[in-house]
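The values are calculated or read from the model by the stated rules, or taken from the named source; none is laboratory data. Just so it is clear, the structure is predicted and the values come from calculations on it, not from any experiment. Cβ: placed from backbone, ideal geometry, glycine included. Neighbour counts: every protein chain shown. To get the accessible areas, we keep the full protein, side chains included, count just its heavy atoms, and leave off ligands, DNA and RNA. Shrake-Rupley method; radii C 1.70, N 1.55, O 1.52, S 1.80 Å.
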Amino acid sequence: MTIILIDYTQFYYREIAGFEVPAVITGKFVRIRNESTDYLVFSPEEFTKYHANIVERFCLDKGLEGGYDAEGKRYSIADRSWSVEGGGKFELDGNKKTIKLSDSSMAYGEFDRAWMGALMRALPEFTGFAVQIE
């Protein structure tokens, strides 16, 4: 299965906020998948307040249809071949070369900690980073 990292950090800070990317970034992430691809999607807290907002943004970028539930707390992808496999929070410290993943998503549940730990250590974007899973 192909694994793709999508990180909205650069887009948010440089394109929307007009700032340099800070050394320490906090935010949320979700895992979204279909039959052939796993997407790990990171977003700074200033860009997407809720995990559902990350899923909505992903769908807009990929041209996927979806919508919020009646309470506005969960964004579901219309195409049932896609699923959201949990989420959590992250803290990335570029100076210390650390990334911490923790918590869970109220809308999508907990992330697979064993899978995520192994994945984070294998992604080239995090080479040289100490990965902490809580």
Gly117 is checked against (1) of a type in the set (Gly, Ala, Ser); (2) surrounded by 14 or more Cβ atoms within 10 Å (Cβ to Cβ); (3) under 23 Å from Lys49 (Cα atoms) and fails just one. What number does that condition carry?
(3)
Picked from segment 90-101 (must be in a strand (DSSP E or B) and in contact (Cβ under 8 Å) with a residue 60 or more places away in the chain), the residue most open to solvent (accessible area, probe 1.4 Å) is Glu91
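This table checks each residue for (1) surrounded by 16 or more Cβ atoms within 10 Å (Cβ to Cβ); (2) small (Gly, Ala, Ser); (3) touching a Gly at 6+ places or on another chain (Cβ under 8 Å); (4) in a loop (DSSP other than H, G, I, E, B).
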{"site": "Glu20", "(1), (2), (3), (4)": "no, no, no, yes"}
{"site": "Glu35", "(1), (2), (3), (4)": "no, no, no, yes"}
{"site": "Phe47", "(1), (2), (3), (4)": "yes, no, yes, yes"}
{"site": "Phe58", "(1), (2), (3), (4)": "yes, no, no, no"}
Can you spot a residue in segment 108-117 that is charged (D, E, K, R), closer than 15 Å to Phe42 by Cβ and without any contact (Cβ under 8 Å) to a residue 60 or more places away in the chain?
no
Taking segment 120-131 and the residues there that are free of Cβ contacts under 8 Å to residues at least 60 places away in the same chain and in a loop (DSSP other than H, G, I, E, B), the one that is most open to solvent (accessible area, probe 1.4 Å) would be Thr127
By residue number, the members of segment 1-10 that are more than 12 Å from the chain's Cα centre (by Cα) and either within 22 Å of Val84 (Cα to Cα) or open to solvent by less than 10 Å² (accessible area, probe 1.4 Å) (or both) are Met1, Thr2, Ile3
Would you pick out the residues in segment 60-89 that are more than 19 Å from Tyr13 (Cα to Cα) and in a strand (DSSP E or B)?
Gly66, Gly67, Tyr68, Tyr75, Ser76, Ile77, Ser83, Val84, Glu85, Gly86, Gly87, Gly88
With respect to Glu134, determine if the residue is modelled with pLDDT under 95, in contact with a Lys or Arg (Cβ under 7 Å, 6 or more places away or on another chain) and open to solvent by 60 Å² or more (accessible area, probe 1.4 Å).
yes
Can you name the residue in segment 22-33 that is in contact with a helix residue (DSSP H, G or I) (Cβ under 9 Å, 6 or more places away or on another chain) and more than 17 Å from Ala122 (Cα to Cα) and is also surrounded by the most Cβ atoms within 10 Å (Cβ to Cβ) among such residues?
Val30
Return yes or no: is Ser81 under 19 Å from Thr48 (Cα atoms), open to solvent by 30 Å² or more (accessible area, probe 1.4 Å) and hydroxyl-bearing (Ser, Thr, Tyr)?
no
